[in-house]
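To start, the structure itself, in structure tokens.
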Amino acid sequence: MTRDLDEVGSTNVHRLFRIPLQPQTQETDMNTWKTKIAALALAVSASVAAHAQEVTLRLHQFLPPQGNVPAKALVPWAKRIEEQSKGRIKIQIYSSMQLGGTPAQLYDQARDGVVDMAWTLPGYTPGRFPKSEVFELPFMASLSAEKTSRALWDYVQKNAMDEYKEVQVLAVHTHGPGLFHTKAPVIGLESLRGMKIRGGTRIVNNMLSKLGATPVGIPVSGVTEALSKGVLDGTTIPWEVVPAFKVQELARNHTTFAGDRALYVTTFVLAMNKSAYNKLPTDLKKVIDDNSGQEFSVLLARTSDDGDILGRDLTAKLGNKITVLEPAEVQRWRRTAGAVESDWVKEMQSKGIDGAKLLSEAKALVAQYDK
């Protein structure tokens, strides 16, 4: 049974809420104490409600759900966050652009709050992340996505966070070495000339032009149709992506490179809407933070490395032709593609950015982790 506060008495109220007693010579205004107690109860109630808050976050990405990184990294990551938040954070993953738009619009969807999170390539919006593009230059990255992604995380934290200031960055990483998958074999620089080859970013397309190919800029989701209809003679993608788009059935020649550097890689970002992040209670922010950063970036990259092994093995079992260009031939490619690096440095200079310095730092970081 509930009793009025007047019946409980001021002394018990003081004891219950540990409010100092007023001197007995002063008359206590019980209405004032009632107001204070009510406010305290409201604050406690609000605190409990905040602690129990449940949040559903929508993550949008461009690959099919069976894609290597979505299936083996993003889904387990979402489950881990749900478990660590005791069910208070749920991440719904929408694949293959299910929520509308194009891959090039994913970053802005996260920025503008159309979705809460987006996993995408910065390179899908040409020229918007110029400092990050240094890792996409020809023969820049190591053969390990994991090692390159450690270098990329450090580089972005020091040199390129201003490019991502509109979002909360949860991860940045690369895929493994990109290579050629073509209908006709590419056994040397001359055999590539005139081929219509898909490139994923403007840096890769510039490289293809320098190498003598005709670049076709389309998202990876369009590769299967473009190959089957003859729009493409081949594509540049890493091994891990091959099975998801059945490239091994449409382009039965695959060309990779001797040496300790990849022909190219592309960079990825997992971006979260800033408002969605800032609205989270402190304890839920910590769950997100604990599952973000360099180690999560490396986990995504390691998934790509593992996927490369599976993709190459699957292709080899089909009897497809896999050509590894010898070191002397690779040097020809490196010299020819070197102009892409010069173009990037000049462009940075035109923007008031010391491109040569950034290039040197990026190379040093790649070498540091590639030991």
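Could we say that Y94 is in contact (Cβ under 8 Å) with a residue 24 or more places away in the chain and closer than 23 Å to M207 by Cβ here?
It is false that Y94 is in contact (Cβ under 8 Å) with a residue 24 or more places away in the chain and closer than 23 Å to M207 by Cβ.
Evaluate the following for V330: is it at pLDDT 95 or above and assigned to a strand (DSSP E or B)?
So V330 fails the test.
Which residue pairs have Cβ atoms under 8 Å apart, sit 6 or more places apart or on different chains, and have a first residue in the range 328-342 that is under 15 Å from A141 (Cβ atoms) and a second that is open to solvent by 50 Å² or more (accessible area, probe 1.4 Å)?
Correct list of pairs: V330/G259; A337/K210; V340/K210.
Taking the range 351-363, which residues are out of contact with any Leu (no Cβ under 9 Å at 6 or more places or on another chain) and within 19 Å of K210 (Cβ to Cβ)?
G355
Given the conditions (1) part of a helix (DSSP H, G or I); (2) more than 20 Å from T266 (Cβ to Cβ); (3) of a type in the set (S, T, Y), which single one is not true for S304?
Status for S304: all satisfied but (2).
Of the numbered conditions (1) within 21 Å of N68 (Cα to Cα); (2) at pLDDT below 95, K246 fails exactly one; give the number of that condition.
For K246, the failing item is (2).
Look through the range 301-332, keep the residues that are over 30 Å from E190 (Cβ atoms) and either among the polar types (S, T, N, Q) or surrounded by 13 or more Cβ atoms within 10 Å (Cβ to Cβ) (or both), and return whichever of them is farthest from the chain's Cα centre (by Cα).
The qualifying residue farthest from the chain's Cα centre (by Cα) is L310.
How about the range 278-301: which of its residues are in a helix (DSSP H, G or I) and charged (D, E, K, R)?
D283, K285, K286, D289, D290, E295
Of (1) modelled with pLDDT under 95; (2) surrounded by fewer than 23 Cβ atoms within 10 Å (Cβ to Cβ); (3) not charged (D, E, K, R), G200 satisfies all except one. Which?
(2)
What number goes with the only condition from (1) free of Cβ contacts under 8 Å to residues at least 40 places away in the same chain; (2) at negative phi that M140 does not pass?
(1) is the only condition that M140 fails.
Got a sec? Which strands (runs of 3 or more DSSP E) wholly within the range 184-272 have at least 2 residues that are among the aliphatic types (A, V, I, L, M)?
none
The rows are residues; the columns are (1) more than 15 Å from the chain's Cα centre (by Cα); (2) open to solvent by 10 Å² or more (accessible area, probe 1.4 Å).
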| position | (1), (2) |
| --- | --- |
| L137 | yes, no |
| A151 | no, no |
| M161 | no, yes |
| V167 | no, no |
| L170 | no, no |
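For the range 344-370, which positions are touching a residue at least 40 places away in the same chain (Cβ under 8 Å), surrounded by 15 or more Cβ atoms within 10 Å (Cβ to Cβ) and either more than 24 Å from the chain's Cα centre (by Cα) or not in a helix (DSSP H, G or I) (or both)?
Matches in the range 344-370: I353, D370.
Of the residues K34, K79, which single one is of a type in the set (D, E, K, R) and either modelled with pLDDT of 55 or more or open to solvent by 90 Å² or more (accessible area, probe 1.4 Å) (or both)?
Sole residue among the options that is of a type in the set (D, E, K, R) and either modelled with pLDDT of 55 or more or open to solvent by 90 Å² or more (accessible area, probe 1.4 Å) (or both): K79.
Take the range 282-300 and flag every residue that is open to solvent by 40 Å² or more (accessible area, probe 1.4 Å) and either over 18 Å from the mean Cα position of the chain (by Cα) or charged (D, E, K, R) (or both).
Across the range 282-300, the qualifying residues are T282, D283, K285, K286, D289, D290, E295.
As an exercise: evaluate A251 against (1) within 30 Å of D112 (Cα to Cα); (2) modelled with pLDDT of 95 or more; (3) hydrophobic (A, V, I, L, M, F, W, C); (4) surrounded by 21 or more Cβ atoms within 10 Å (Cβ to Cβ) and give the number of the one condition it does not meet.
(1)
Quick check on the range 103-127: of everything there that is more than 15 Å from the chain's Cα centre (by Cα) and at pLDDT 95 or above, which residue is least open to solvent (accessible area, probe 1.4 Å)?
Checked the range 103-127; the qualifying residue least open to solvent (accessible area, probe 1.4 Å) is G113.
The values are calculated or read from the model by the stated rules, or taken from the named source; none is laboratory data. Here the structure is a predicted model, which is why all the values come from computation and not from measurement. With ideal geometry, Cβ positions are generated from the backbone for all residues, glycine too; neighbour counts draw on all protein chains shown. Quick note on the areas: whole protein, heavy atoms, side chains included, nothing else; ligands and nucleic acids left out. Shrake-Rupley method; radii C 1.70, N 1.55, O 1.52, S 1.80 Å.
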